[in-house]
1. Quick check on this structure: which one of T37, T77 is assigned to a loop (DSSP other than H, G, I, E, B) and within 32 Å of the chain's Cα centre (by Cα)?
2. Taking T46 and the conditions (1) touching a strand residue (DSSP E or B) at 6+ places or on another chain (Cβ under 7 Å); (2) over 26 Å from A144 (Cα atoms), which numbered condition does it fall short on, given that it satisfies the others?
3. Could we say that E52 is under 22 Å from N133 (Cα atoms), over 20 Å from the mean Cα position of the chain (by Cα) and surrounded by 10 or more Cβ atoms within 10 Å (Cβ to Cβ) here?
4. Select from the range 80-107 the residues that are open to solvent by 70 Å² or more (accessible area, probe 1.4 Å), under 27 Å from I154 (Cα atoms) and part of a loop (DSSP other than H, G, I, E, B) and list them in ascending order.
5. Does at least one position in the range 136-154 carry a residue that is modelled with pLDDT under 85 and either in contact with a Cys (Cβ under 9 Å, 6 or more places away or on another chain) or open to solvent by 40 Å² or more (accessible area, probe 1.4 Å) (or both)?
6. When you go through T110, T46 one by one, which is the residue that is open to solvent by less than 60 Å² (accessible area, probe 1.4 Å), farther than 30 Å from S132 by Cα and of a type in the set (V, I, T)?
7. Here is a list of conditions, (1) open to solvent by 100 Å² or more (accessible area, probe 1.4 Å); (2) at pLDDT 90 or above, and T77 meets all of them except one; can you say which number that is?
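The values are calculated or read from the model by the stated rules, or taken from the named source; none is laboratory data. Note that this is a predicted model, so its numbers are computed, not measured. Note that we place each Cβ from the backbone using ideal geometry, even for glycine, and neighbour counts take in every protein chain shown. When the accessible area is computed, the model is the full protein with side chains, heavy atoms only, and any ligands, DNA or RNA have been set aside. Shrake-Rupley method; radii C 1.70, N 1.55, O 1.52, S 1.80 Å.
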Amino acid sequence: MGVLANTNETYDVTTIREDIQDALISITPTETIFMSTIGTRNVENTYFEWGEVDLAAVATDNRVIEGESAPGNDSPTNAVRKGNYTQISDKVVDVSSTANKVNGVGDAQTVAEQVAYKLKELKRDMEAMLLSNTAASAGSSGTARATAGLPAFITTNTAFGTGGSGIAVQSLLWFFVVLTTSK
């Protein structure tokens with residue numbers, strides 16, 4: 001069936017408004033599973049410490065005879081001091097007054113939205129840094145402090161079996177993360 005002559009179709013109209021969804025869709029993952037799992041705590045210095053306790057090895061022969069007199073003392077389990085440095089990270093936003101006022105799609109150009117995006121980026125940066133094998137560093141007047149990542153707190157002991165081959169035994173140490181926004 002043909003179109004009647006002089007039918008005004010959408011193909012001919014140049015003043016139809018755009019149909020743009022006002023909500024923006026983010027395609028970048030922003031979940032930070034590691035940071036969400038371990039939690040945070042506040043500190044009052046650029047270097048912070050905690051105590052770590054390493055329990056004695058498992059004893060599969062820990063049995064005593066009924067009625068046996070008390071054996072000697074076991075060796076004590078004492079804490080060891082561990083520490084890390086805080087670090088400063090930033091993302092900078094600059095939006096002109098005009099860009100902040102115009103009616104944009106999803107208002108992505110506004111200061112508020114730009115700050116929200118940068119906070120998500122910072123969170124992802126922090127997650128990646130905490131999972132990187134980075135050593136802690138106190139920094140200096142010309143060098144930024146660095147927070148050690150989780151791999152820096154992993155220790156490995158090797159036990160050699162009867163054949164001389166190494167069996168790696170890894171132990172994850174207690175790890176605290178400090179999120180700081182102060183400069």
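1. The unique qualifying residue is T77.
2. With (1) touching a strand residue (DSSP E or B) at 6+ places or on another chain (Cβ under 7 Å); (2) over 26 Å from A144 (Cα atoms) applied to T46, the lone miss is (2).
3. Considered against the rule, which asks whether it is under 22 Å from N133 (Cα atoms), over 20 Å from the mean Cα position of the chain (by Cα) and surrounded by 10 or more Cβ atoms within 10 Å (Cβ to Cβ), E52 comes out as yes.
4. Listed by number, the list holds a single entry, I88.
5. Checked the range 136-154: at least one residue is modelled with pLDDT under 85 and either in contact with a Cys (Cβ under 9 Å, 6 or more places away or on another chain) or open to solvent by 40 Å² or more (accessible area, probe 1.4 Å) (or both).
6. It is T110.
7. (1)
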